[in-house]
1. Taking the stated definitions as given, is Glu67 at pLDDT below 95 and assigned to a helix (DSSP H, G or I)?
2. Being in contact with a Ser or Thr (Cβ under 8 Å, 6 or more places away or on another chain) and assigned to a strand (DSSP E or B): is that true of Val259 here?
3. Among the residues of the stretch 361-410, which ones are closer than 18 Å to Leu334 by Cα, under 33 Å from the mean Cα position of the chain (by Cα) and hydrophobic (A, V, I, L, M, F, W, C)?
4. Looking at the stretch 438-449, which of its residues are touching a residue at least 40 places away in the same chain (Cβ under 8 Å) and over 18 Å from Val486 (Cα atoms)?
5. Is there a residue being surrounded by fewer than 24 Cβ atoms within 10 Å (Cβ to Cβ) and either out of contact with any strand residue (DSSP E or B) (no Cβ under 8 Å at 6 or more places or on another chain) or of a type in the set (Asp, Glu) (or both) anywhere in the stretch 453-460?
6. State whether the residues of the stretch 470-487 include one that is over 25 Å from Ala159 (Cβ atoms) and either surrounded by fewer than 24 Cβ atoms within 10 Å (Cβ to Cβ) or within 11 Å of the ligand (Cβ to nearest atom) (or both).
7. Determine if the stretch 128-147 includes at least one residue that is more than 25 Å from the chain's Cα centre (by Cα), at pLDDT below 95 and hydrophobic (A, V, I, L, M, F, W, C).
Amino acid sequence: MIVVGGGNAALCAALSASERVKRVLVLERANEAEAGGNSRFTAGLFRIAYNGPEDLKTVIPDLTDDEIGNSDFGTYNEEQFLDDMGRITEYRCDPDLTEILVKRSLPTAQWMQKRGVRFTAAWGRQAFKVDGKFKFWGGLILEAVGGGPGLVASETELAKKAGIEIRYGARALSLLADDSGVHGVVVRHQGKTQELKARAVVLAAGGFQANTEWRTRYLGPGWELAKVRGTRFNTGDGIRMALDIGAAPYGNWSGCHAVAWDRNAPETGDLAVGDGFQKHSYPWGVYINAEGKRFVDEGADFRNYTYAKYGRVILGQPKQFAWQVFDAKVKPQLRDEYRIRQVTKITANTLEELVSKMDDTDQKTALETLKKYNAAVRTDIPFNPNVKDGRGTEGLEVNKSNWANTLDAPPFEAYAVTCGITFSFGGLRINNDAQVISSDGECIPGLFAAGELVGGIFWFNYPGGSGLTQGAVFGRIAGASAAKSVS
Ligand SMILES: Cc1cc2nc3c(=O)[nH]c(=O)nc-3n(C[C@H](O)[C@H](O)[C@H](O)COP(=O)(O)OP(=O)(O)OC[C@H]3O[C@@H](n4cnc5c(N)ncnc54)[C@H](O)[C@@H]3O)c2cc1C
């Protein structure tokens, strides 16, 4: 069996297949130093359905009684996960695939844990301390130990231990296919193009976000101007190879996951910085664009439910950038990524001084906007970051619904961000066994798919932490189905 790709979906597929099949070969386009796809760039957050600490203990067995006592994990049951998927995707998500994603989320994490992947609770990123207790929010608890790099390193080690061969620097170019299905791949490895025969192929080669031309072709004009947050290797090869032999395109081809990302970040991801270029604390401040205006409700919902669609909103602003403005009151609440060295930031002791440092911006309008915003805040409602506190603004052209703090405590800070694309939503159509479906509606024998290159699950937006879960759930299914088909 051949698995194309070297990220979380591919490695889960390979591990799952190896439970049934002896010879599993993983083809990873990147060299070993850059291997691991987008999965390696992540924080390692997995969205799973759980009913409380008992469920969490099945995936985090070393969770201590003290830790449980000091944390309010709440619950995030299957209905909540399903509701989030429906609401966030405007009810377009494929019902069958979404139900599998949700229902298999906990069992898949349990399977990963049994195979040797270690998890912890995301105290650092997803909880705030209230009355001495860490209260989790946003339905997101589970984090791989060591984040994305730790996840990929552990999955790679487990794969090698299971006898799976990983060939680095091996770019799959096309599928070997005839009327009876798929029989292998054409690959270029160390400068040589060769045919590799296999009885089944799992495609897990990521989306097309790192392909500037496809981005502009499918996501629309202007998308060539976005930065790529993760790996430079996800250029849509897996999708193209399958479409070339008649696979059906599926899902939100003009949609993608895109976030606020440092304006001066490199064109594609830098593993040394990882996800540090992202700037996710906007719910505690305000956005100002080059015209000096606010343009989006920063507090419409918890960050996990808005961050993935706001990248597109920023890309749509004049000069494709915006400022995130904060004052000293919320500084302790800003995420770690605001304290990295590679940051585009200005500071000042007055709002007048702050706007004077805003290059490329209508400074006069920016000052007026900040003052109008300050005057519109419902200060009678207390600020509470753990709930949608309803502390909004009133009477503005663009109101802020929650967490509206006045900007009045110096020093003030502003961070320049642009749009960073994470992954494309459109991709291949699979059935419940992760078999790739043709445009005639039939299974393509011998071809399976998982991860970013599967379409139909995410539309318009995305609940944070679902990408790794999707790759793991469908990777595991694809590996098992492919193995079953050959044994
Ligand atoms: C900065 C950042 C932070 C993120 N944080 C999170 C998070 O905390 N939680 C979460 O759930 N999601 C997160 N995501 C999204 C998440 O990374 C993806 O949804 C998920 O990792 C996709 O897994 P995958 O295996 O499908 O793709 P990838 O991990 O990208 O793997 C695709 C692989 O295919 C290889 N490949 C490409 N073309 C070929 C070819 N022709 N031949 C052979 N190999 C090929 C690539 O080299 C790569 O190894 C984040 C993404 C980024 C960029």
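1. Working: at pLDDT below 95: yes; assigned to a helix (DSSP H, G or I): yes.
Yes, satisfied.
2. Numbers: in contact with a Ser or Thr (Cβ under 8 Å, 6 or more places away or on another chain): yes; assigned to a strand (DSSP E or B): yes.
Spelling it out, Val259 is indeed in contact with a Ser or Thr (Cβ under 8 Å, 6 or more places away or on another chain) and assigned to a strand (DSSP E or B).
3. Phe383, Val387, Trp403, Ala404, Leu407
4. First, the residues of the stretch 438-449 that are touching a residue at least 40 places away in the same chain (Cβ under 8 Å): 438-441, 444-449.
Answer for the stretch 438-449, where residues must be touching a residue at least 40 places away in the same chain (Cβ under 8 Å) and over 18 Å from Val486 (Cα atoms): Ser438, Ser439, Asp440, Gly441.
5. yes
6. Filtering the stretch 470-487 for residues over 25 Å from Ala159 (Cβ atoms) gives none.
Within the stretch 470-487, not a single residue is over 25 Å from Ala159 (Cβ atoms) and either surrounded by fewer than 24 Cβ atoms within 10 Å (Cβ to Cβ) or within 11 Å of the ligand (Cβ to nearest atom) (or both).
7. Looking through the stretch 128-147, at least one residue is more than 25 Å from the chain's Cα centre (by Cα), at pLDDT below 95 and hydrophobic (A, V, I, L, M, F, W, C).
A quick yes/no check of all residues on (1) over 23 Å from the mean Cα position of the chain (by Cα); (2) among the aromatic types (Phe, Trp, Tyr):
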{"residue": "Val296", "(1), (2)": "no, no"}
{"residue": "Thr306", "(1), (2)": "no, no"}
{"residue": "Tyr310", "(1), (2)": "no, yes"}
{"residue": "Phe321", "(1), (2)": "no, yes"}
{"residue": "Lys331", "(1), (2)": "yes, no"}
{"residue": "Leu351", "(1), (2)": "yes, no"}
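The values are calculated or read from the model by the stated rules, or taken from the named source; none is laboratory data. Treat the numbers as computed from the prediction; the structure is a model and nothing was measured. Every residue, glycine as well, gets a Cβ built from its backbone with ideal geometry; the counts of neighbours run over all protein chains shown.
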